[in-house]
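What follows draws every value from the coordinates through simple rules; no lab data is involved. Predicted model only: the values in this text are computed from it and were never measured. Note that each Cβ is placed from the backbone with ideal geometry, even for glycine, and that neighbours are counted across all protein chains shown.
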Amino acid sequence: MRYNPRATLDPSQLGRGGRGRGGIAVGGGLGGVLVLLLAVFFGPGILGDGNEPLAIDSGPTTDSPLAICTSGADIATDRDCRFVAFTNSIQAFWATQFRSGDYQRIQVKPFTTSIRTGCGSATSAVGPFYCPNDTSVYLDFGFFDELSSRLGARGGDAAEAYVIAHEFGHHIQNLTGAMERVQRQGDNQGADSAAVRLELQADCYAGVWFRHATDDESGPIAEVTEEDLETAVDAAEAVGDDRIQKKMLGQVSPESFTHGTSAQRHAWLQQGFSTGDPNKCNTFSAGNL
């Protein structure tokens with residue numbers, strides 16, 4: 001990906017993170033090794049519902065070191081500023097897809113080790129996630145090393161952008177009511193489950209953003225190449241349920257799928273990019289998987 005050095009960045013969209021100690025309160029019916037290995041890009045359901053006692057004292061928060069990221073040129077001197085660029089670009093795009101004032105801008109909250117959220121307590125083992133209770137994306141930047149070293153993705157800027165865009169896809173689902181409908185169903189596992197359809201739609205929404213990332217010539221993303229798209233697809237395939245289960249457990253169990261296969265994640269990310277239309281991301285129609 002190529003960045004626009006003249007773009008203005010808004011670091012306030014990257015919130016303050018917290019450090020903590022203690023255990024993790026995890027819900028969603030997953031336990032033990034599956035929480036660690038399959039809790040990648042979990043949206044609703046992986047954490048508690050926010051009503052249980054929080055297990056972590058997060059301690060004092062500090063101002064984000066990314067506050068220095070005020071222009072695209074800053075990415076050249078501090079590579080972490082790219083996360084501000086991703087976040088700004090994703091939110092600017094989605095703001096154009098809602099009636100004026102209807103899109104709710106939120107924050108990406110970096111953390112290390114563990115953190116308290118509106119959905120309960122989490123550790124880095126959970127991976128990136130969106131919490132609908134406090135409408136925030138939580139992200140340990142160290143996850144991207146795990147994506148490459150443990151899950152076999154090639155990594156790179158476009159892979160990182162895909163991860164963040166996927167989580168913002170869950171925010172869109174929260175705003176449209178899709179997330180609440182899936183939560184009410186309680187259909188959170190299985191190859192044809194509502195949970196899988198929710199995750200694949202978030203992949204499609206990520207692809208839609210990739211298609212439009214360069215629409216604003218004054219925005220932070222100056223170029224998305226075919227190689228970037230391939231890198232994003234590679235990351236999506238790396239976190240398919242079938243690939244993770246085969247790699248980590250030696251077998252594939254479709255009845256426990258929560259995010260979709262590598263092929264499905266590839267297909268829906270490509271669908272979003274090819275059409276550039278969020279209305280073409282209806283994974284909930286019969287036969288669409």
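Here is how the numbers come out for the structure above:
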item: Val84, Val182 arranged by Cβ crowding within 10 Å, fewest neighbours leading; result: Val182, Val84
item: Sum of side-chain charges, Tyr205 neighbourhood, beta-carbon under 12 Å (Lys, Arg +1; Asp, Glu -1); result: -2
item: Computed label-point distance, nm, for sites Asp216 and Ala95 using a 7 Å Cα→Cβ extension; result: 0.6 nm
item: Exposure proxy ranking, count of Cβ atoms within 10 Å, fewest first, for Ser124, Ser89; result: Ser124, Ser89
item: Long-range amide H partners of Ser121 with built H, under 5 Å; result: Ala25, Gly48, Ala55
item: Radius 13 Å from Cβ of Gly219, net charge of other residues (Lys, Arg +1; Asp, Glu -1); result: -3
item: Gap separating the Cα centres of the stretch 63-131 and the stretch 238-277, nearest whole Å; result: 24 Å
item: Nearest-0.05 FRET efficiency for Thr77 and Glu223, computed from C-beta distance (R0 25 Å); result: 0.80
item: Table column - 3J(HN,Hα) (Hz), the stretch 170-176, Karplus curve with 6.51, -1.76, 1.60, x for Gly and Pro; result: 5, 5, 4, 4, 5, 5, 8
item: Neighbour-count ranking [beta-carbon atoms within 10 angstrom, fewest first] of Tyr130, Tyr103; result: Tyr103, Tyr130
item: Vicinal HN-Hα couplings computed from phi for the stretch 71-84 (Karplus, 6.51 cos²θ - 1.76 cosθ + 1.60; Hz; Gly/Pro x); result: 8, x, 5, 5, 5, 5, 9, 9, 4, 5, 5, 4, 5, 5
item: Amide H partners (placed H, <5 Å) of Leu9, local residues excluded; result: Ser71, Gly72
item: Derived scalar couplings ³J(HN,Hα) [the stretch 272-288; Karplus, 6.51 cos²θ - 1.76 cosθ + 1.60; whole Hz; x for Gly, Pro]; result: x, 5, 5, 8, x, 10, x, 6, 8, 9, 7, 6, 8, 5, 4, x, 7
item: Distant-in-sequence amide H partners of Ser136 (H built 1.01 Å from N, under 5 Å); result: Cys131
